1. Could you run through region A:59-100 and say how many residues are more than 28 Å from the chain's Cα centre (by Cα), in a helix (DSSP H, G or I) and within 11 Å of chain B (Cβ to nearest Cβ)?
2. Only residues that are surrounded by fewer than 18 Cβ atoms within 10 Å (Cβ to Cβ) and without any contact (Cβ under 8 Å) to a residue 40 or more places away in the chain: list them for region A:158-183, please.
3. Within the bounds of region B:206-226, is there any residue that is basic (Lys, Arg), under 18 Å from the mean Cα position of the chain (by Cα) and in a loop (DSSP other than H, G, I, E, B)?
4. Wholly within region B:243-329, which strands (runs of 3 or more DSSP E) include no fewer than the required count, namely at least 2 residues that are more than 14 Å from chain A (Cβ to nearest Cβ) and under 20 Å from the mean Cα position of the chain (by Cα)?
5. Could you check B:Gln477 against (1) away from every other protein chain (no Cβ under 14 Å); (2) under 29 Å from B:Val157 (Cα atoms); (3) of a type outside the set (Gly, Ala, Ser) and say which number it fails?
6. For region A:116-130, which residues satisfy the criterion of being surrounded by fewer than 17 Cβ atoms within 10 Å (Cβ to Cβ), touching a helix residue (DSSP H, G or I) at 6+ places or on another chain (Cβ under 9 Å) and within 14 Å of chain B (Cβ to nearest Cβ)?
7. What do you reckon, is A:Lys294 closer than 21 Å to A:Phe200 by Cα and part of a helix (DSSP H, G or I)?
8. Sort out which residues of region B:539-581 are part of a helix (DSSP H, G or I), among the acidic types (Asp, Glu) and touching a helix residue (DSSP H, G or I) at 6+ places or on another chain (Cβ under 8 Å), and write them in order of number.
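The values are calculated or read from the model by the stated rules, or taken from the named source; none is laboratory data. For clarity, every value in this text was computed on a predicted model and none was experimentally measured. As a convention, Cβ positions derive from the backbone with ideal geometry for all residues, glycine included, and neighbour counts pool all protein chains shown.
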Amino acid sequence: MESTTTTSGGNALADGVGGTTETEPAPRTAKDRRAANKAKKMAGNIDYNKRHGIRLFLLIAPLLIMVVLFSYLPLFGWLYAFFDYQPPIPLSESKFVGLQWFKMMVQNPAQLQTIGQVLINTFAMSGLNILTSFFPLFFAIALNEIRAKRFRNLIQTLTTLPNFISWVLVYAVAFAMFSTTGMFNELLQNLHIISEPIKFLDSSDHTWLKMLLWSLWKGLGWGSIMYLAGIAGIDQELYEAAQVDGANRFQQIIHVTIPQLLPTYFVLLMLSISNFLNNGMDQYFVFQNAFNLKYIQVLDLYVYNVGMGNNSLSYATAISMLKSLVSVGLLIAVNWLSKRTRGVSIV
Amino acid sequence: MEFKTALTRVFAVGVAATMLFSSAACGNSSASDEDDNSLMTVEVFDGLANYQGEQKGWFAKIIKDKFNIKLNIVAPNVAGGGSTLFDTRAAAGNLGDIVIYGYDTGKGSKLVKSGLIEDMTPYLQDTEYISKYKEATDYVNEQIGQESGVWGIPSAVVENLTPDEPSEGLEPTFGPYLRWDLYKEVGYPEINTLEDLVSVLKQMQDKAREESGSDDIYAMSLFKDWDSNMMNNAKQPTCFYGYDEVGFVLAKGDGSDFESITEEDGIYERTIKFFNAAYRAGIVDPESTTQNYDTMNSKYKNGKVLFSFWPWLGQAAYNTNENKAAGKGFMLAPLKDMKIFSYGATPRGDKTMIALGSKAKNKQRLVKFIDWLYSPEGVYASSNQTGGSAGVQGLTWEVKDGKPVLTDFGSAVLSGESKNVPDEWGGGSYSDGISALNFTTVNVNDIDPNTGYTYNPVMWPSEIEKANENPLNKDWQEHMGASTTMEYLKNNNMLLVGAGSSYVQPEEDSQISTLRGSIKTEIVNSSWKASFADSESECEKIFSDMIKTVQGLDIDSVLEVDMKNAKDQDQSRKDILKEYQNKKSSSSESSESSE
C-alpha cells in the first residue's frame, strides 16, 4: 500500500522533471488514481491511525512486559558469570574476572568429561521422553475403547492423580517401597525369592530407564487428556462410514482414530522438542545419590549442584549459559532440517 | 480512555500499598531504639543447630524468665542444601538477630564486610563475662581483619586448661567403641589393628543376632549427612591413628605426617578398604547409603548397632543407667597400634563464633543474653545435646557438702533416659528442652570457679565413684587396668594431642573452591561406591579410577593450598605450645637467660 503511493509520487516527480506545465500531476491510470485517493485519505486520518495503533499496542503490552520480565530481565543474571561473586558480598563489590569461569569449564579433560556426561544425560532423558511420547496417545485410545463408563472414569482418575503429587512425595513413596528395607525387598525376602536386598534406588544401573518409568507413571494419565479431547472431537460420521465399509474396531482405530489424532500429536511433539533442554530438575534432584549421580545429573541439576551445593554461583551461571548455547545450536539444526525437508525455514 | 482510568487506578493502589509498607517499615525502625522489655522473638541463625524452630521446654523457660525472649532457631543443617540458606538470607541482608557461624576460611570477614554482624562494644557496659575471653575475641578480630571491638565470641573457650591438655573429659572425641557386653561374650578377642575389627565385629554381630533373634542388627551403620571434603565416616578411623583433616589432607596431630586422601595405599584408602571388607562380611547396615543421622541414632538407641566411631554417639545413645546396670554399653576397645587424635584445649576457642546480627532489635538485651551464655549459670544451662554440662542447678544437680552432685532426676536424664521436667521448670521432656543452640560457650571440662569442679558432671568425684559401681564400668576397668578411658590412653601412650592453637584456615581463592567443589563430589561419591563394592578388586578399581579422575580435575593445585594450611596449622600448634611453656616457666627461663 505504502509502496504504491511512493511510486505514484515518484511518477509525479518524474513528470515534473519531464517539463510538464501542470502544477499537480494527473494520475494516468485508474490504479494510480485509486492509490492517490487512498494516500490522501490516509494522510488525513493519521491521527486516528496513531491512536488506534496505541490501543493495539496497549493490548499486547502486558504480554510484552511479561516477556521482558521473565525472559529478558533474567539475562542480566549472566553478569554473575563474569564476576567472582561470593554471596554475602554484593555484586557491586565483587571482583571482575572476565572469562575466568568459562576457561575453568574447559581447562581440563576431566571437567569436560563431566560436562559431556551431563549433556549426554540431558539428551538421553529428553530423548527417551520424546521417544515415548506416543504412549499417552495409545493410552487415550485404549481408554476410549473401554465401554464400561464407570470403570473408564476410575482408570482415568487413578492415572491422572499422580500428576498432582509433587516429586518429593513421589520419592517418599519410592523410598518406602524400594529402599533396601522397603516393602518390595521385604516382600521378596519373605517369599525367599532373594536373600540379599536389591538396590533399586542406590545403584547406577538403568538409571535413565528408571527415571523414564517414574516420569511415565506420573505423566501418562495427564498426557492422555489432550488426546481424549481430540477423540471426542472426531466426527462420528467417519466411524459410521467405516462401519458401513465393514471395518472392525481395530481397523477403525487404525484408519480413523489415529489419523485424526496425528495433528494433535505432532503439535504436542513439537512443543516437547522445543522443551528439549528443560527436562526439569526436581525429579532428578530427589532421586540423586552418590551411586546414581553420574547418570542422573541433567544440566539443570548440575547447575544447581555446582551453584547451590558447592557454593560456586558464578561458575554455575557460566555453566547455565551453556544451556542457551545448546538451545541455539538445536534451533539452527532444526531450522536447517526444516529448510531441507519443507523448503521453509522457521526463523 | 477506559485504559487510562484503569491504569490510574492500578497505579494509585500500587502507590498506596507501597506507602503502607514503607510506613510500616518506618514504624519498625523507630521502635528499635528503645527496649520496652516486652516479649521478643529472637531469630538465631545457627550453623551448629540440628533443630529448626522455636526453642521449647526448660531452657526456653529459663531465658524467658531472665530476658523475656523466645528463640527461633534457623538451622542450615536442618534445611540442608549446603550453603543455600546462608546465601539466600545473606543476600536478603539479614541473617538473624544472633548469628552462630564459623569464622574460618574467610567466612567471618565476609559477615563483617557485608554488614551482617555488628560490633558488640557499645553494648558491653553491663556485661561481665565476655571481657574475660579477650584473648579469644582478639583472636577472632585478627582472623576477620578487624582492629578492635568484639565482633564475635568463639565457642569452647577455656580459662584453666593449657593447650597441650586434651579438651575432652574422660572420653576422647574419637575412638573405637564397641558394645562391651558382646565383646565380653565373644571372649575379649585381641584387636591388633583396624582390619581385625571386621572379624571381631562379625562374631559380635552373630552373637547379638543369635541372642535377640532379630536379624536387623548390624555391627556398623554409616550415614552421609556430614560428608564434605571426603566421606566423613571414612575419616574417623584415621583419627584412631592420630590424623585429622585439613581440606583434602590428613595431617597427623604432632606434625610428623601430612598425607593426601588420594594417596595410594594411604590411610584414607585403608579405611575405605576396611569399610568394604566389613560390607562384604555382611556387617554394614544396608540402609547406610540412604539414612540420615537421626535414623542411625535411633538404631544406636535401640541397640541395633554395635560399633561407634565416637563415644558421644554410641555411649550417649545407649549407655543409659538401666543398660549400664545390666552390664551393657559402649566402651573403648583398644586397637593395639592406635594413637587417638585428641583436640587440645583451646584458650582462644573453636572456629565457630556467636555474633550480634546487625539488623537486630533490642541489641542491649541480646548482648546480655550472650554474656549470660558465657556465665557459669549459662554454661551449665546451655550445654549441647551430646554429653555436655550438668544442666540447671536445683533441677539436675545441687551442691552437697561443698561438692556438686547430680540429683536423681539429673542422673537419669543425663544418662539418656527420657523423663519429664516438673512443671515449675517448664514441663515437657528434658531432652526436648535442651538448648537447641547446640553451642558450647565454655569448654565443659573447664573449672567452674563457684564449685571448683568441672561443668561436666562425669568428672565430679561423686560421679566417678558412681560410674565405678555399675557392672559395665567395673568389668571394663578390670579388663583394662585403668579407671577411665583417658587414664588408659594416657598410660598406654595411645593419645596424640593436637595442641589447641585455634588455627583458622585463611580465605580460599574462589577458583580453588570451585575446583574443590567438583573434586569433593567425585571423592565422596566414589568413596561410598568403593565402600559398597561387591569385591575387593572392584573397590580398588573404583578408588584408583577416582584418583585418576580427581587428578584430571586438577586436585594438585587444591592440595597445594591444603598442604600449606596443614603445615601452617602445625606451626601454630608448635607456637602456642612454646608460648604456654614460656608462660609456665617464665621465672626459670629468665634465670637461665641471665647465665
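1. The number of residues fulfilling the criteria is 3.
2. Passing the criteria: A:Phe164, A:Leu169, A:Ala172, A:Val173, A:Phe175, A:Ala176, A:Met177, A:Thr181, A:Met183.
3. The answer is yes, given that some residue of region B:206-226 is basic (Lys, Arg), under 18 Å from the mean Cα position of the chain (by Cα) and in a loop (DSSP other than H, G, I, E, B).
4. Here the list reads B:243-246, B:249-252.
5. Unmet for B:Gln477, out of (1) away from every other protein chain (no Cβ under 14 Å); (2) under 29 Å from B:Val157 (Cα atoms); (3) of a type outside the set (Gly, Ala, Ser): (2).
6. Of everything in region A:116-130, just one residue is surrounded by fewer than 17 Cβ atoms within 10 Å (Cβ to Cβ), touching a helix residue (DSSP H, G or I) at 6+ places or on another chain (Cβ under 9 Å) and within 14 Å of chain B (Cβ to nearest Cβ), namely A:Gln117.
7. So A:Lys294 passes the test.
8. Those that are part of a helix (DSSP H, G or I), among the acidic types (Asp, Glu) and touching a helix residue (DSSP H, G or I) at 6+ places or on another chain (Cβ under 8 Å): B:Glu540, B:Asp545.
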